[in-house]
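Let me begin by presenting the structure, written as structure tokens, before commenting on it.
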């Protein structure tokens, strides 16, 4: 048996080989498996995995200053990007590390675990920004109509939900990404509670940057004899419109 090619031989082969050939080969294999009934797109999932660049700046034993500064591009790999990788998908996860490199985004068949499509980007590309392209390119050679799409909280973006529902007539199952959002006190009806502990009143809707927002006002706003129990700073402002206000964005997706 002949020995395996050296690392440098393999590296030269990868660099000189047209990536389009590898993509075409993968597509032909996926279509073959689909015709054999081994894989389908009823349940699909997408995730990414980090690929570290071959640079000393990724070496944990390197104590160089600013090795993860955006302007400190590795000389050994001028194409890679600066990314961050967390140990888990918990919203309060603080165990993360920076790295120079790439991301491999892989769409898989959930039942068999076999890959259907892959895309490699630099590490600084957000996972959610490539989803629509991946789904579109996959659908070009293998239909994903009426699929059930799974992903982690990094993909909790409205455009993804709407695309899966409206374009592919499927469903999404993605955990909510809290993104440091506030959680104000509300009644079961959705009315916010003011600082005085009173239910606020609806005061009209308006559109703002493509979203619909519900305005809530102080319950004593139009009262001639009422007085703010907590003496809010906006109550005695000398204006006709008195009291505190809150805004709630109304969801327009499914």
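The values are calculated or read from the model by the stated rules, or taken from the named source; none is laboratory data. The structure displayed is predicted, hence computed values, not measured ones. Because the Cβ atoms are built from the backbone with ideal geometry, glycine has one as well, and the counts that use them run over all protein chains shown.
Residue by residue, here is whether (1) more than 29 Å from residue 32 (Cβ to Cβ); (2) assigned to a helix (DSSP H, G or I) holds:
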{"site": "140", "(1), (2)": "no, yes"}
{"site": "145", "(1), (2)": "no, no"}
{"site": "149", "(1), (2)": "no, no"}
{"site": "161", "(1), (2)": "yes, yes"}
{"site": "165", "(1), (2)": "yes, yes"}
{"site": "168", "(1), (2)": "no, no"}
{"site": "172", "(1), (2)": "no, no"}
{"site": "178", "(1), (2)": "yes, no"}
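Residue count for the stretch 72-86 satisfying the condition of being farther than 12 Å from residue 58 by Cα and in contact with a helix residue (DSSP H, G or I) (Cβ under 6 Å, 6 or more places away or on another chain): 0.
Does residue 230 satisfy the condition of being surrounded by fewer than 15 Cβ atoms within 10 Å (Cβ to Cβ), outside the structural domain of residue 24 (by TED's automatic domain parsing), over 30 Å from residue 35 (Cβ atoms) and over 23 Å from the mean Cα position of the chain (by Cα)? Against the criterion (surrounded by fewer than 15 Cβ atoms within 10 Å (Cβ to Cβ), outside the structural domain of residue 24 (by TED's automatic domain parsing), over 30 Å from residue 35 (Cβ atoms) and over 23 Å from the mean Cα position of the chain (by Cα)), residue 230 qualifies. Checked against the criterion of being on the phi > 0 side of the Ramachandran plot, at pLDDT 80 or above and not in a loop (DSSP other than H, G, I, E, B), the candidates 197, 204 yield just one match: 204. The residue that is farthest from the chain's Cα centre (by Cα), among those in the stretch 128-145 that are under 29 Å from residue 249 (Cα atoms) and surrounded by fewer than 15 Cβ atoms within 10 Å (Cβ to Cβ), is 133.
Residues in the stretch 1-31 that are closer than 16 Å to residue 113 by Cα and free of Cβ contacts under 8 Å to residues at least 12 places away in the same chain: 29 only. Determine which single condition residue 74 fails, assuming it passes every other condition in (1) assigned to a loop (DSSP other than H, G, I, E, B); (2) surrounded by fewer than 14 Cβ atoms within 10 Å (Cβ to Cβ). Checking residue 74 against (1) assigned to a loop (DSSP other than H, G, I, E, B); (2) surrounded by fewer than 14 Cβ atoms within 10 Å (Cβ to Cβ), the one that fails is (2). With 112, 121 as the choices, which residue is in a strand (DSSP E or B), in the same structural domain as residue 164 (by TED's automatic domain parsing) and modelled with pLDDT of 95 or more? One residue alone meets the criteria, 121. As an exercise: evaluate residue 37 against (1) in the same structural domain as residue 169 (by TED's automatic domain parsing); (2) in contact with a strand residue (DSSP E or B) (Cβ under 6 Å, 6 or more places away or on another chain); (3) in a loop (DSSP other than H, G, I, E, B) and give the number of the one condition it does not meet. Here residue 37 clears every test but (2).
Per-residue answers, yes or no, for (1) within 24 Å of residue 132 (Cβ to Cβ); (2) surrounded by 10 or more Cβ atoms within 10 Å (Cβ to Cβ):
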position: 10; (1), (2): no, yes
position: 17; (1), (2): no, yes
position: 30; (1), (2): yes, yes
position: 35; (1), (2): no, no
position: 39; (1), (2): yes, yes
position: 45; (1), (2): yes, yes
position: 48; (1), (2): yes, yes
position: 55; (1), (2): no, yes
